[in-house]
There are 2 protein chains.
Amino acid sequence: MSEIENGSAKIITLGGVGEIGKNMTAIEYGGEILIIDCGLMFPDEELLGVDIVIPDITYLVENADKVKGMLLTHGHEDHIGAIPYVLPRLNVPIWGSGLTLGLLQAKLEEHSLLDTTELHQVEPGDRFKIGNFDVETIRVSHSIPDGFAIALRFPFGIIVHTGDFKFDQTPIDGKVVDFGKFTQLGLEGVSVLLSDSTNVEKPGYVPSERVVGNKFEEIFSRSFGKIIIATFASNIHRMQQVYNTADLYDRKVAVVGRSMAQNTEIAERLGYLTIPEGVKIELKEISDYPPDKVVVMTTGSQGEPMSALTRIATNDHKLVKVQPGDTVIISATSIPGNESLVMRMINQLFKRGADVIYDAIDFVHVSGHANREELKLMLNLTKPRYTVPVHGEYRHVVKYSELAHETGMPKENIFRMEAGDVLEVGADGASMLPRVTAGYVLVDGIGIGDVGDIVLRDRRHLADDGIFVVIISIDRVTGDIVAGPDVISRGFIYMDEAEALVEEAKQVAIETVQGMSDEAAEEWATVKQDLRSAVAKRLYARTHRRPMVIPVIMEI
Amino acid sequence: MSEIENGSAKIITLGGVGEIGKNMTAIEYGGEILIIDCGLMFPDEELLGVDIVIPDITYLVENADKVKGMLLTHGHEDHIGAIPYVLPRLNVPIWGSGLTLGLLQAKLEEHSLLDTTELHQVEPGDRFKIGNFDVETIRVSHSIPDGFAIALRFPFGIIVHTGDFKFDQTPIDGKVVDFGKFTQLGLEGVSVLLSDSTNVEKPGYVPSERVVGNKFEEIFSRSFGKIIIATFASNIHRMQQVYNTADLYDRKVAVVGRSMAQNTEIAERLGYLTIPEGVKIELKEISDYPPDKVVVMTTGSQGEPMSALTRIATNDHKLVKVQPGDTVIISATSIPGNESLVMRMINQLFKRGADVIYDAIDFVHVSGHANREELKLMLNLTKPRYTVPVHGEYRHVVKYSELAHETGMPKENIFRMEAGDVLEVGADGASMLPRVTAGYVLVDGIGIGDVGDIVLRDRRHLADDGIFVVIISIDRVTGDIVAGPDVISRGFIYMDEAEALVEEAKQVAIETVQGMSDEAAEEWATVKQDLRSAVAKRLYARTHRRPMVIPVIMEI
C-alpha cells in the first residue's frame, strides 16, 4: 500500500523520458487511465534492418478496461507515429487538435484503421472531460502548428505536461503561447510539471521562426538560379515562409516528396497553410519556367538514402536536376545519428555546382524546443511543487534537473523517470512506486516484436563478415560422403578470386567428417560443431575474418 | 604534351582532398617523385565490416623507380596510418620529425617492417634534400606536437604544403609557429599553397590549447571524486596538461587504453611529454588511493563500442568503475559519424551518476585545425599565386575556395583537386592534366582489396533482412527429392516462433521442384531461380521482409 493518501494519481512513463522519440505517458487516477501521446522512434545504427521502434504497451493492455482515452499534444511522429501499431491491441478514443488529427487520419487511412477509430477534435485553450479527467489544453509554440500543453486538475493539485514547446514571441501564425494560462495555473497550484528538456544544453532563447523567413528573403534576393529548400515535412510554418518569400520574389513553388505533398495538402485544406494565389505549380511544370522563377520544396533534409534530396544530390531524380548556379537550402537540423549522411549529401550537392546553405554556415533553421532560459521561464510561470523532465536523452534529463534546482526547486522534488517508472503524487507528497512492464518493441516489415536480440546479433555478425555455409550429404548407413561438400558464401570475400580458399575449406570439411570416430559420427551435433570450428579456424587463419560458419549435413 | 614549359612540376592527389582522412599527395619533378603523407581513413557506416580504408597507390607502383622518398607532416593516423600497408608494395625511405617517426616505428614493429624500412629524422626548420627535391620544414601548431609544413623550391617558385595546422600563439611547449619563415617564403615567391581547409566553416581563430588547461584547473578545483579524462591518444599536449593539473591538485594519473599507454611511453621517452615526479601510477594502483586523489586518462572519446571509456560507461571495465560523485571529461570532439555513439556513452555515464563535462556544455576541447581567420592569415603570409585546399570534405574545399577568393585570389587560380587529379604548375601557369589511377582500397582483416562492391552489397542485404537458405537433395536420375528441404536462416526472424512460416516455405520449395517440367528440371539454374523467387515471394507476403534467399540443390 502506498503511504500517500487516497486520491493520489500515478504518472507512468511508457516511453520518451531519457530517450528521444517514442513519447508516451499514462496518468492513472480513480481507476481510470489517460494516455498522453503515442510516438515512435527511428532505430539507431545498431538495430539493423529494423524499421521503427514503438513503446511496449503491456501495462495498458493489462489495464485496458481503465483506459479512457488518448490525448495528443501535437502531430509529430515521435508523438503520434506508434498509434497505428497500438490501436489494433488497444482501441481507445483519441483527442487532439485539428492539424494533429488531420495528420493522424492520413496514417489511420493507410493502415485501414480510420473507420474503427473514434477521434475528438479540440483546440488549444479548450477545457473538457476524458472519462473523469478534467483536461485543459494550453497553446504553446513548436516546429509544427497547433500543439498544446496539457493541464489535468486533481484534488491534490494540477499536473501540467508541456508537450514539446518553446516560447516564440512573434510566431508566423500570430498565435502566441498562452502565457496567461500558464501563470494562472501557477497561481492555482501546480503539483507536477512534466517538461520538455531537449534543448537544456543550449543557452538563452531560441530565436523566432520569423528569423528564418528574413534569411530566406536575403538568400532569394541574391539567387539567380533554381532554389531548392529541404525541410521537415511537418514544419508548416517553415513551408508558409517558403511560399511567402517565393511570392515576394516572383517564383513558383513545386513540392517533392510524398510526405511533404501530403502534409501540404492537409495543412492547406485545414487552414494552417495559406498558399498565395498562383504560386503553387506541379513538379512536372518546373521545366516550363526559367530557373530563377522556380523553388523546389523537398523532404530529405536528413540525407536518408532514398529521400528526394539525396536522389537530387546524386543526380538520380527524374524531374529535379541541380545545375551550377542553383541554391540549395538545408532548412533543418541533423537529427542525432544522421550527421554524416547529411554532410555527405551536402558534399554531393556542392560537387554538382550548387551553392549549399546549411546550419553550420548560416541561420536557416531554428529549433522547436525551448532553450535554457525558456525552460526556466516555464518553471517560474507554473511554479510546480515537483518536476519531471520528459522528451530528452538521459543527459538532458540530468541537465534539466540541475536547471530546475537552480530555479529553487529542492533536489528531492525533481524526479528522473525512465520507461516503466511510476511516480505517485498526492496532497502529501510524491514518491516512486515499483516499476511496470515497459520498454520498446521493434517493428520490421509487418512483424511487430519478432525481431529481438538473437536476430539482431546475427544481422550484426552477417554485416561484419558475411556467411559461409558448408553442405555435405552423407549416407546415413555407411557414413560416407555421397555429395558435396558444397560451399555457399555471401558477404565474406570476393568469391571469384577466392577459389583456393574455398577448396581449402572443403578439404578441411572432408577431413573433419572422415576423421570422426564412429561413435562421434552418430552424434551429428558433435560433427557439426567440429566442422564449424575447423572451417572457421582455417578461414580466420587465412583472412583474419570471422564469417558465420554454418555446417549443413544431409542424411540420405 | 603539356603547354607549360619544361621544368614544370606535377601535384598529384592520391587521397585526402575532398574527404577527411587518407591524406596522400605526390609531387613529381624532373623524373622524381616525392610522396607527402600516407594516411588511412576509418570506414563510414556503409562500408560494413571494413577495418580501414587506404589510398590506391597504383600510380606510384607503376612509377616506382621515380619515387625518391616519403615525407610526413605529422604523426596522425590520417597521415601515417596507411604506411604499413603501402611499404610491402613500395619500399621507400621515409622522412619525418622525432615524434612522427616514434609513432611510426611502433606501427612498423607490429607489422614486422621496422628492419626493412629506412627512416630519416628531421626537425621543424630543417632544410635538406630528398633525391633532388630541395625540402624545408616549417613549424606549425596542431593537435599533436612536432608537426610541420613543407616548402619545396623549384625554378618556377615554391610549393608550400601546410600539413594540418593552426596558429597557436601560446602553445603548451612554447614552440610557436614559424611566422617568419612563412613570411620569408611569401617574399621569395610561393607558386602554390596546398592548405588545410577542415575548419573553414568556423569563424575567427581557434582558442589556444592553454584554454583547455585553464578549464581543467577549474574542474579539478571543484571535483571531490575520481576524475576520468578521455582524449585522443595522440594529443600529447592535452595529456601534458592533464599531468600538470593533476600535479597541481595532488592527484595521481593512471592511463587506460593500449594506444594511450603506448603513446605516453613514446612521447615521454622522446622528450615530448614531461611527467611530474610521482604523479604517474599504474592502473591497478588506483584502488590504493581515495577517489579525490585519482585521475584516469583514457582513450574512447569517440564512443567506440570496445573502447576503454565505453566499457567504463557500461560498467564492463575490471579496474575502473564510475561512482556517483565522479567527474568524466570528454576532452575531444566527435569525429563525423560518431556523434550518436558519443552521446549514448555520455548518457550511460550520467546514468552511473557521474558529472559529465563535454563539448556541448563546456570548453574542454579545442580543434587542431585553423579557423577562417587563420586560413586567411596563411594565405596573406605566403602570398601564393595558386592555391589548392587539401584535407577537408568537399564542402570545405568549396568554402575554402570562396575564402581564398575573398583574400584577393582570382577564381581561376584556385584548384579543387580530388583523388587522381593532377595539377601541372610551372613558370607560365598552372593547369589540370588528365587524371591518374587513384581512389581507395578497403582493408578487412588481412585482406587488402578483396572486399568490393559485391561483398558490401551482400553484407548490406544480410544486415537488413538476414539470410534464408533452402537445401534440397535430388536424385540425379529420377529427379525425386531424396532429402530435405532443409532450411537454414539467420538474421531474418526469430526462428523458434516461426515454425509455421518455415514449414510453409518448405512446402513452396517442394511444390516448385515437383512442378518442374522434365526439360526445365534439366536446367538446375532455372530450377534454382524459380525456387528462389517462389520462396522469396512467400516470405515477403508473410513478413514484408526480403531476406537473401539461397536455394541449394544437391544431386545425389
- Residues (farther than 13 Å from A:Ile510 by Cα, small (Gly, Ala, Ser) and modelled with pLDDT of 90 or more) located in region A:524-553: A:Ser533, A:Ala536, A:Ala541
- Expected single match for closer than 27 Å to B:Asp146 by Cα, modelled with pLDDT of 95 or more and within 14 Å of another protein chain (Cβ to nearest Cβ) among B:Ile330, B:Ile281, B:Ile335 is B:Ile330
- Quick check: anything in region A:293-305 more than 29 Å from the chain's Cα centre (by Cα), at pLDDT 95 or above, part of a helix (DSSP H, G or I) and assigned by TED's automatic domain parsing to the domain that holds A:Leu349? yes
- Task: Might you let me know whether region B:381-401 holds any residue that is away from chain A (no Cβ under 14 Å), touching a residue at least 60 places away in the same chain (Cβ under 8 Å) and surrounded by fewer than 21 Cβ atoms within 10 Å (Cβ to Cβ)?
- Result: yes
- Task: Return yes when B:Ala404 is of a type in the set (Gly, Ala, Ser), in the same structural domain as B:Asp178 (by TED's automatic domain parsing), touching a Gly at 6+ places or on another chain (Cβ under 9 Å) and surrounded by 21 or more Cβ atoms within 10 Å (Cβ to Cβ) and no when it is not.
- Result: no
- Task: List the number of the failed condition for B:Ser223; all other conditions in (1) out of contact with any Asp or Glu (no Cβ under 8 Å at 6 or more places or on another chain); (2) closer than 24 Å to B:Met345 by Cβ; (3) assigned to a loop (DSSP other than H, G, I, E, B) hold.
- Result: (1)
- Note on the structure: The residue from A:Gly484, A:Gly479, A:Gly449 that alone is under 33 Å from the mean Cα position of the chain (by Cα) and surrounded by 14 or more Cβ atoms within 10 Å (Cβ to Cβ) is A:Gly449
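Residue by residue, here is whether (1) closer than 19 Å to A:Met239 by Cα; (2) free of Cβ contacts under 8 Å to residues at least 40 places away in the same chain holds:
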site	(1), (2)
A:Glu277	yes, yes
A:Thr299	yes, no
A:Ile312	no, no
A:Asp359	yes, yes
A:Val364	yes, no
- Message: Consider region B:236-269. How many of its residues are small (Gly, Ala, Ser) and out of contact with any Leu (no Cβ under 6 Å at 6 or more places or on another chain)?
- Response: 4
- Is it fair to say A:Val366 is in contact with a Pro (Cβ under 7 Å, 6 or more places away or on another chain), within 27 Å of A:Phe220 (Cβ to Cβ) and crowded, with 19+ Cβ neighbours inside 10 Å? yes
- Query: Of all the residues that make up region A:305-326, how many are within 13 Å of chain B (Cβ to nearest Cβ) and surrounded by fewer than 22 Cβ atoms within 10 Å (Cβ to Cβ)?
  - Reply: 3
- Please go through region B:135-167 and pick out each residue that is in contact (Cβ under 8 Å) with a residue 40 or more places away in the chain, part of a strand (DSSP E or B) and within 21 Å of B:Leu423 (Cα to Cα). B:Val135, B:Ala149, B:Ile150, B:Leu152, B:Phe154, B:Gly157, B:Ile159, B:Val160, B:His161
- Message: Name the single residue that is nearest to B:Thr198 (Cα to Cα) among those in region B:330-347 being in contact with a Phe, Trp or Tyr (Cβ under 6 Å, 6 or more places away or on another chain) and not β-branched (Val, Ile, Thr).
- Response: B:Ala332
- Assuming A:Ser259 fulfils every condition listed in (1) over 30 Å from A:Pro43 (Cα atoms); (2) within 22 Å of the chain's Cα centre (by Cα); (3) among the hydroxyl-bearing types (Ser, Thr, Tyr) apart from one, which condition is it? (1)
- Check whether at least one residue in region B:417-437 is in contact with a strand residue (DSSP E or B) (Cβ under 8 Å, 6 or more places away or on another chain), buried (at least 18 other Cβ atoms within 10 Å of the Cβ) and under 22 Å from A:Val356 (Cα atoms), and report yes or no. yes
- Would you please name the residue that is farthest from B:Arg372 (Cα to Cα), looking only at residues in region A:338-356 that are surrounded by fewer than 23 Cβ atoms within 10 Å (Cβ to Cβ) and more than 9 Å from chain B (Cβ to nearest Cβ)? A:Arg352
- Filtered residue count, region B:193-209, keeping only those that are more than 11 Å from B:Leu403 (Cβ to Cβ) and hydroxyl-bearing (Ser, Thr, Tyr): 3
- Given region A:413-478, what strands (runs of 3 or more DSSP E) lie entirely inside it while holding 3 or more residues that are away from chain B (no Cβ under 11 Å)? A:422-426, A:429-433
- Check on B:Glu209, among the acidic types (Asp, Glu), modelled with pLDDT of 95 or more and in contact with an Asp or Glu (Cβ under 8 Å, 6 or more places away or on another chain): yes
- Test A:Val242 against the criterion of being assigned to a loop (DSSP other than H, G, I, E, B) and touching a strand residue (DSSP E or B) at 6+ places or on another chain (Cβ under 8 Å), and give yes or no. no
- Of the residues that sit in region A:535-551 and are facing chain B (nearest Cβ under 10 Å) and touching a Lys or Arg at 6+ places or on another chain (Cβ under 8 Å), which one is nearest to A:Arg457 (Cα to Cα)? A:Met548
- Spot the failing condition for B:Glu373; the list is (1) among the acidic types (Asp, Glu); (2) within 14 Å of another protein chain (Cβ to nearest Cβ); (3) touching a Pro at 6+ places or on another chain (Cβ under 9 Å), and only one is missed. (2)
- Quick check, is B:Val364 away from every other protein chain (no Cβ under 11 Å), part of a loop (DSSP other than H, G, I, E, B), closer than 29 Å to B:Pro203 by Cα and under 24 Å from the mean Cα position of the chain (by Cα)? yes
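The values are calculated or read from the model by the stated rules, or taken from the named source; none is laboratory data. Since this is a predicted model, take the numbers as computed values, not measurements. Don't worry about glycine lacking a Cβ; one is built from the backbone with ideal geometry, like all the others, and counts go over all protein chains shown.
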